[in-house]
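The values are calculated or read from the model by the stated rules, or taken from the named source; none is laboratory data. All figures in this text were calculated on a predicted structure; none of them were measured in a lab. Ideal geometry is used to build each Cβ from the backbone, glycine not excepted, and the neighbour counts take in all protein chains shown. All accessible areas refer to the heavy atoms of the entire protein, side chains included, with ligands and DNA or RNA removed. Shrake-Rupley method; radii C 1.70, N 1.55, O 1.52, S 1.80 Å.
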Amino acid sequence: MKTVAVRAGEEFDFESAARECRPFLLKIAVASTRNPTDAEDVVQEALMRGFRGIKRFRGDCPLRIWLSRIVVRVAINHHRSLARRLKRWVFFTDLERPGDDGSTVEYDPPDPLREFDRERMLDVRKQVNRLPDEFRMPLMMLAVDGLTIPEIATVLEIPEGTVKSRIFYARKRLNQALRTRKKR
């Protein structure tokens with residue numbers, strides 16, 4: 001295991017510290033990317049950046065908070081680069097699977113959300129995704145990750161009042177968007 005100097009005279013094991021912080025960082029990344037696979041990539045990139053930049057870590061906050069700030073920045077950059085690319089949609093009806101008799105059968109996956117209003121769920125997800133990052137990220141960190149207001153403020157490096165305000169306005173915008181969609 002590699003140890004790195006944090007400050008003059010101090011040594012610590014970055015690998016074990018990163019392993020300990022990984023679940024926390026992954027929660028933040030999943031909330032930011034809304035995709036577990038992308039979240040893994042974001043955390044990996046953030047940890048690599050953290051390892052390369054450990055000399056800049058001043059020690060004025062816990063390491064996991066410093067790393068979570070890096071995760072947020074990497075996730076934002078990831079989201080921006082994803083938005084620039086064209087997305088190719090694959091519809092399940094376009095996929096085929098082999099049948100028992102050797103013929104091909106269209107793939108129709110079972111829908112675990114049949115008991116819910118699927119359209120409504122998709123609409124909520126779409127409206128959440130349309131929120132600007134400044135509103136969406138604190139809302140997701142609170143609702144999905146279960147982080148507290150002070151933790152969100154620390155991760156995003158903004159005052160707690162700003163976090164509360166952004167969550168309030170995110171909910172307000174989401175509510176307005178869903179009500180106008182419902183009226184149509």
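Numbers at a glance
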| item | result |
| --- | --- |
| Some residue of region 22-43 being at pLDDT 85 or above, hydrophobic (A, V, I, L, M, F, W, C) and out of contact with any helix residue (DSSP H, G or I) (no Cβ under 8 Å at 6 or more places or on another chain) | no |
| From Thr154, Thr104, Thr162, residue being within 18 Å of the chain's Cα centre (by Cα) and either at pLDDT 70 or above or over 30 Å from Arg181 (Cα atoms) (or both) | Thr154 |
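Quick grid of which residues meet (1) open to solvent by less than 60 Å² (accessible area, probe 1.4 Å); (2) in contact with a Cys (Cβ under 9 Å, 6 or more places away or on another chain); (3) in contact (Cβ under 8 Å) with a residue 24 or more places away in the chain; (4) more than 24 Å from Asp133 (Cβ to Cβ):
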position: Ala29; (1), (2), (3), (4): yes, no, yes, no
position: Asp38; (1), (2), (3), (4): yes, no, yes, no
position: Asp41; (1), (2), (3), (4): no, no, yes, no
position: Gln44; (1), (2), (3), (4): no, no, no, no
position: Gly53; (1), (2), (3), (4): yes, no, no, no
position: Phe57; (1), (2), (3), (4): yes, no, yes, yes
position: Trp66; (1), (2), (3), (4): yes, no, no, no
